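As structure tokens, the structure follows; a few thoughts come after it.
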Amino acid sequence: MADSSALKTLGPLKIQSIADTVFDELHQQILSLELPPGTKVSEAEVAKHLGVSRQPVRDAFYRLSQLGLLLIRPQRATVISKISKASVLKAKFIRTALEVACWKLVLKVITESQIGELEDMLHQQQASIAANNQQLFHQLDDDFHRLICEIAGQGYVWTLIREQKAHMDRVRFISLTIGAAQKAYEDHIKLVEAVRERDAARLEIVLTEHLGGVEMVLEQIRAERPEFFEE
């Protein structure tokens, strides 16, 4: 079983942001599988590796457990949770419903300047694919969808989605390592085209297929990496 040696040492931190910084670092390493499912972690070891006190680590552990990414068990080792198929499918359903609503609102309010901003994001995504940088593409992918919620005037929706999609994100990240980034990028191009043309029907079809892609690769990944998943 993997240990926590993959953790990185953080640079100087501002006192008021230590808890958030620790959470963000652990969250990113879990989603990118630098800390894979089943990894044992402890407050003391993480605090030592990150160069912080135990309290912000304790706070981060609690927040991660609330997202379903960390399994805290009294008198037993704390471990990175395994990926739940049920949680992935639940997140996909919730995310699709919320994002379809946001994208439809976008059709009514988006400006040429905002379309240009989305197109700039597409160029950045293309560059990240060319550089084979999956972690950057994952972040740019999130930024793209978050911006849609903000353009729709429903920025809080992305917060709701982020709280639900932790298990989904780990499957998405694995899929990026097996070539799914190019397909996601091409879907994003189609979405922006549908927005520019104000084509609501095409938009919903492309978006539903795009977000449903995680379900298509789920079984393949489970077959290849069964140790990452709950039985």
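Please go through (1) out of contact with any helix residue (DSSP H, G or I) (no Cβ under 9 Å at 6 or more places or on another chain); (2) of a type outside the set (Asp, Glu); (3) open to solvent by 80 Å² or more (accessible area, probe 1.4 Å) for TYR156 and return the number of the only condition it doesn't satisfy.
All conditions pass for TYR156, except number (1).
Tell me whether segment 9-21 contains one or more residues that are in contact with a helix residue (DSSP H, G or I) (Cβ under 7 Å, 6 or more places away or on another chain) and open to solvent by less than 20 Å² (accessible area, probe 1.4 Å).
No, every residue in segment 9-21 fails to be in contact with a helix residue (DSSP H, G or I) (Cβ under 7 Å, 6 or more places away or on another chain) and open to solvent by less than 20 Å² (accessible area, probe 1.4 Å).
So which of GLN220, GLN182, GLN135, GLN125 ends up being open to solvent by 70 Å² or more (accessible area, probe 1.4 Å), farther than 28 Å from GLU231 by Cα, of a type in the set (S, T, N, Q) and in a helix (DSSP H, G or I)?
Step by step, each of GLN220, GLN182, GLN135, GLN125 is checked, and only GLN182 is open to solvent by 70 Å² or more (accessible area, probe 1.4 Å), farther than 28 Å from GLU231 by Cα, of a type in the set (S, T, N, Q) and in a helix (DSSP H, G or I).
Identify, please: which residue in segment 52-100 is among the aliphatic types (A, V, I, L, M) and in a strand (DSSP E or B) and is, among those, most open to solvent (accessible area, probe 1.4 Å)?
Step by step, filter segment 52-100, then rank; the result is LEU71.
Is at least one residue of segment 9-29 assigned to a helix (DSSP H, G or I), at pLDDT below 95, of a type in the set (D, E, K, R) and in contact with a strand residue (DSSP E or B) (Cβ under 7 Å, 6 or more places away or on another chain)?
Within segment 9-29 (the criterion being assigned to a helix (DSSP H, G or I), at pLDDT below 95, of a type in the set (D, E, K, R) and in contact with a strand residue (DSSP E or B) (Cβ under 7 Å, 6 or more places away or on another chain)), the answer is no, since none of the residues qualifies.
The values are calculated or read from the model by the stated rules, or taken from the named source; none is laboratory data. From a predicted model like this one, the values you see are computed outputs, not experimental measurements. Note: ideal-geometry Cβ built from the backbone for every residue, glycine included; neighbour counts use all protein chains shown. Please note that ligands, DNA and RNA were not included when accessible areas were found on the heavy atoms of the full protein model with its side chains. Shrake-Rupley method; radii C 1.70, N 1.55, O 1.52, S 1.80 Å.
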